[in-house]
1. Based on the alpha carbon coordinates of the range 56-149, what radius of gyration and maximum Cα-Cα distance (Dmax) apply, in Å?
2. Kindly state, to the nearest 0.05, the FRET efficiency for ASN18 paired with ARG90, given R0 = 22 Å and r defined as their beta-carbon distance.
3. Kindly state, as a whole number, the per residue volume in cubic angstrom of the convex hull around the alpha carbon atoms of the range 1-92.
4. Using the Kirkwood radius built from alpha carbon pairs, what does the Stokes-Einstein equation give as D for the range 3-43 at 25 °C and 0.890 mPa s, in µm² per second?
5. Report, in deg cm²/dmol and to the nearest 500, the calculated mean residue ellipticity at 222 nm for the chain, where each DSSP H run with n ≥ 4 adds -39500 (n - 2.57) and the sum is divided by the residue count.
6. So which of LYS41/LYS70; LYS70/LYS125; LYS70/LYS143; LYS111/LYS131; LYS96/LYS149; LYS89/LYS149 end up more than 23 Å apart by C-alpha?
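Read-outs throughout are calculated quantities, based only on the coordinates presented, and are distinct from any laboratory measurement. Treat the numbers as computed from the prediction; the structure is a model and nothing was measured. For neighbour counting, all protein chains shown are included, and Cβ atoms are generated from backbone atoms with ideal geometry for every residue, glycine included.
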Amino acid sequence: MSKNDIAYCGLYCAECPNHTGVIADLARDLRKELRNYKFDKTAEMLSKISFFKDFEKYDDCYTVLGAMVKMRCGKTCRDGGGNPSCKIKRCVIKHKIEGCWECTEFENCDKLNFLCGNHGVAHIKNLRIIKKNGIEEFEKGEKFWYKTK
C-alpha cells in the first residue's frame, strides 16, 4: 500500500472499481460477447414481443456499457490522475497539506459535498479515521467506499 492510494479527500483509490478496472473490464467483455452473438438482432426481434418490450432500449444499454468502459482510472489524484480542476485537490495543494484530514474544517467543508451523491459519507468516515489514527493505521483497517452513516 502507498500513501498515493489515498485521495486527498480520503477515498481509498486502490479499492475503487474505476481504478481497479473491474467494472470497465466486465463492461468491455460483455460488449464483446454481445457483438459476437450479434445480440442487437436478437434484441430487435425480442422487442416486438410484449413480454420483452424492454429490449427496445438495447442500444441505450450498449451505449451505457461503452461509457462504463471509459470510466477506467489509471492514476490516482496524487499521481496526476483525476480531475485537474478538482477543488479539493487544488485546496490541499494550496494549503500545503497531505490531505483534508489535516484541515480542521473538513467536517463542514463545502468542497467535499459533491462526493456525497456517489459515496454517502464514506470520505468523511475515512478522513476521521486518518485524522485519529494516521495513514499507516488507516491502511491496515477498514476503508469505506460508500457509507450512509
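1. Over the range 56-149's Cα set, Rg and Dmax evaluate to 16.2, 53 Å.
2. Once the sixth-power term is evaluated, E becomes 0.60.
3. Measuring per residue, one finds 119 Å³ for the Cα hull of the range 1-92.
4. The estimated diffusion coefficient comes to 201 µm²/s.
5. Rounded to the nearest 500, the figure is -13000 deg cm²/dmol.
6. LYS41/LYS70; LYS70/LYS125; LYS70/LYS143; LYS96/LYS149; LYS89/LYS149
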